[in-house]
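To keep things clear, I will list the structure first and then write my remarks on it.
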Amino acid sequence: MRYVAVDDCGPAINPMLIEGQIHGGVVHGLGQALYERIHYDESGQLVTGTFVDYCLPSAADVPNIETDRTETPSPTNSLGVKGVGEAGAIACTPAVVNAVIDALRPLGVTFINMPLGSMDVWETIQEAKS
Amino acid sequence: MIPAEFDYVAPETLDEAIRALADGGEDAKLLAGGHSLLPLMKLRLAAPALLVDLRRVPDLAGVRANGDIRIGAMTTHSALVRANAGLASVAAATIADQQVRNRGTIGGSLAHGDPASDLPAVVLAAEGTIVARGPGGEREIAAAEFFRDYLETTLAPDEIITEIRMPGTEGWSFGYEKFNRRREDWAMVAVCALVRIESGACADARIGLTHMGSTPLRATAAEAALRGQPLEAGAIAAAAEQAAEGTSPPADLNASADYKRHLARVLCRRALERAAG
């Protein structure tokens, strides 16, 4: 899998920090798209209360992230800088979900609830086929 | 996150450990790598009064592959990977993460009896045996007789696993396929396949299923379907279709029983394809 992130936070003051922020944000976005779910059982017990059950992606689950940027200075401050902390997270979740839905488009699938667990995707395919 | 209070001993010999375990009665537990027991203690799902740590007992770790394969009970998953002993080593390489593999042991994993763990189904499929020592002496338990129910084995409370024995793998090829949410997670389902090929046909097949029941299981219908067949795509696919026959896998939040049966069929096909080369 290939993940490309192009962001614009104005003039790059510290490129390494910008890349780090993008990487971290993308991984959070990936978690939201594919893994992270708060689930209560019928008796109201939280069953995703530890990091064994509440699933965060680890380094081994993340594709290589290619970053690039444009530099458009902001007119609202003298440095021309813009925030970058959440940029990766905001773009990643819809990019991943839309990629899955695009792959399933031949089956007529237009929507799946997040997070896209493997079983959710499988069940969606089974329903679309039947 | 803090365990209940417990006593701790670290005996220097196997006999001392057996005595300490017997003296501790039913509230005593053995500590190997601790990667199953300690989390349970921290969640207070287990509260042993005494931990008998096996780390100082000599000669319990190591892998010998001379004909048959003998794996000391205290062999860590990492050491098993490094020993390059076929299917067991390949499966051990997929267990959790490096830190867990550096501490967790094969004896601990089998004694814990979790059907979601990798090694129980491997030892079962390989028709291995578990060597246990207790106050009454030593006995060798066939893996098929060892796993009784979820987290339950036929190991007596006063027995210590000393070694795992598996038949030699000469003439056998294998495949191991595991599906999980994240790399470090327990298997949603895993399938190990051992195949003996003679002149292009499957002379024998042993297929183990992880997390498809309250114990590790053999996919006997798929094994029977494959025996005597040419080891090519059509026969493999037909046999793999029967991988989930007779199973009633436990459902959880991330995998329904139907989904697990689907995974078992797909993973069985992939494991057999890998074994067929």
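Every residue, every condition in (1) modelled with pLDDT of 95 or more; (2) open to solvent by 80 Å² or more (accessible area, probe 1.4 Å); (3) over 19 Å from residue B:165 (Cβ atoms); (4) not charged (D, E, K, R), yes or no:
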site	(1), (2), (3), (4)
B:5	yes, yes, yes, no
B:8	yes, yes, yes, yes
B:16	yes, no, yes, no
B:43	no, yes, yes, yes
B:66	no, yes, no, yes
B:87	yes, no, no, yes
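In the stretch B:113-149, what count of residues is obtained for those that are under 17 Å from residue B:191 (Cα atoms) and open to solvent by 60 Å² or more (accessible area, probe 1.4 Å)?
Residues that pass the stated criteria total 2.
Taking only the stretch B:221-255 into account, find how many residues are aliphatic (A, V, I, L, M), part of a loop (DSSP other than H, G, I, E, B) and in contact with a Lys or Arg (Cβ under 9 Å, 6 or more places away or on another chain).
The total comes to 4.
Is it true that some residue in the stretch A:34-41 is surrounded by 14 or more Cβ atoms within 10 Å (Cβ to Cβ), in contact (Cβ under 8 Å) with a residue 40 or more places away in the chain, touching a Leu at 6+ places or on another chain (Cβ under 6 Å) and within 14 Å of chain B (Cβ to nearest Cβ)?
Yes, that holds for at least one residue.
Picking from B:65, B:46, B:17, B:88, which residue would you name as being over 15 Å from the mean Cα position of the chain (by Cα) and in a helix (DSSP H, G or I)?
Just a single option satisfies the conditions, and that option is B:17.
In the stretch B:243-277, which residues are away from every other protein chain (no Cβ under 14 Å) and under 16 Å from residue B:194 (Cα atoms)?
Scanning the stretch B:243-277 gives B:243, B:268, B:269, B:270, B:271, B:272, B:273, B:274, B:275, B:276, B:277.
Can you work out which of the residues in the stretch A:58-78 that are among the hydroxyl-bearing types (Ser, Thr, Tyr) and away from every other protein chain (no Cβ under 14 Å) is surrounded by the most Cβ atoms within 10 Å (Cβ to Cβ)?
Ranking the qualifying residues of the stretch A:58-78, first place goes to A:67.
If I ask for residues that are open to solvent by 60 Å² or more (accessible area, probe 1.4 Å) and either at pLDDT 95 or above or closer than 14 Å to residue A:6 by Cα (or both), which ones from the stretch A:43-57 would you list?
Scanning the stretch A:43-57 gives A:43, A:45, A:46.
Pairs, please: C-beta under 6 Å, at least 6 apart or cross-chain, first residue in contact (Cβ under 8 Å) with a residue 12 or more places away in the chain and in the stretch A:1-29, second hydroxyl-bearing (Ser, Thr, Tyr)?
Every condition considered, the pairs that remain are A:5/A:67; A:8/A:70; A:8/A:72; A:10/A:74; A:19/A:67; A:22/A:67; A:29/A:93.
For residue B:258, only one of the following conditions fails: (1) more than 21 Å from the chain's Cα centre (by Cα); (2) buried (at least 22 other Cβ atoms within 10 Å of the Cβ). What is its number?
With respect to (1) more than 21 Å from the chain's Cα centre (by Cα); (2) buried (at least 22 other Cβ atoms within 10 Å of the Cβ), residue B:258 is out only on (2).
The values are calculated or read from the model by the stated rules, or taken from the named source; none is laboratory data. The structure displayed is predicted, hence computed values, not measured ones. With ideal geometry, Cβ positions are generated from the backbone for all residues, glycine too; neighbour counts draw on all protein chains shown. Keep in mind that these areas ignore ligands, DNA and RNA; they rest on the heavy atoms of the full protein, side chains included. Shrake-Rupley method; radii C 1.70, N 1.55, O 1.52, S 1.80 Å.
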